[in-house]
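The structure appears below as structure tokens.
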């Protein structure tokens with residue numbers, strides 16, 4: 001049985017996809033793990049490489065940390081947001097969000113105010129200077145995305161997008 005309660009049998013051959021993936025992945029005949037072929041490790045390394053490539057856009061030109069950029073990107077897409085909502089949208093923990101917001105606020109990029117119904121909750125928004133900075137950075141970020149995806153064909157980009165959505169949905 002697989003974790004969803006099904007039989008785990010999928011595909012034409014009758015083998016489960018998980019078993020097929022393991023056979024293609026990091027397992028060696030001796031039962032040891034080959035880290036360089038281990039999917040979670042390879043994905044984490046790729047994510048770090050992509051993140052560093054994108055960081056060149058905002059860290060050098062605009063003196064933003066990775067966390068500040070993520071918060072700025074979330075704020076740029078909406079007029080305001082509660083600080084507790086930022087973490088799940090950015091994969092940042094509560095302390096990272098707090099430090100990023102403080103850094104943006106100290107530089108006049110973002111402002112905070114108390115939620116009118118719950119004084120414990122803070123609402124964050126971009127200042128006019130922050131909105132202008134966001135508009136400056138976005139074309140660079142999109143150009144870097146285009147550059148990164150340029151290594152793939154259009155069909156591969158679509159497959160990658162489907163696979164990422166599928167894995168994300170499976171992880172819940």
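Summary table below
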item: Any hit, region 32-50, residues being within 22 Å of residue 147 (Cα to Cα) and in contact with a helix residue (DSSP H, G or I) (Cβ under 7 Å, 6 or more places away or on another chain); result: yes
item: Unmet requirement for residue 106, which otherwise passes all of (1) surrounded by 14 or more Cβ atoms within 10 Å (Cβ to Cβ); (2) at pLDDT 95 or above; result: (1)
item: Selected residue [surrounded by 15 or more Cβ atoms within 10 Å (Cβ to Cβ) and at pLDDT below 95] from 13, 59, 7; result: 59
item: Elements of type helices (runs of 4 or more DSSP H) in region 93-172, at least 2 residues being farther than 21 Å from residue 49 by Cβ and in contact (Cβ under 8 Å) with a residue 60 or more places away in the chain; result: 128-149
item: Residues within region 65-88 that are in contact (Cβ under 8 Å) with a residue 60 or more places away in the chain and crowded, with 18+ Cβ neighbours inside 10 Å, tallied; result: 2
item: Subset of region 114-129 (residues that are under 15 Å from residue 83 (Cβ atoms) and modelled with pLDDT of 95 or more); result: 123, 124, 125, 126
item: Failed criterion for residue 141 (all others in (1) surrounded by 11 or more Cβ atoms within 10 Å (Cβ to Cβ); (2) over 17 Å from the mean Cα position of the chain (by Cα) hold); result: (2)
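The values are calculated or read from the model by the stated rules, or taken from the named source; none is laboratory data. Just so it is clear, the model here is predicted, and its values are computed rather than measured. Note: ideal-geometry Cβ built from the backbone for every residue, glycine included; neighbour counts use all protein chains shown.
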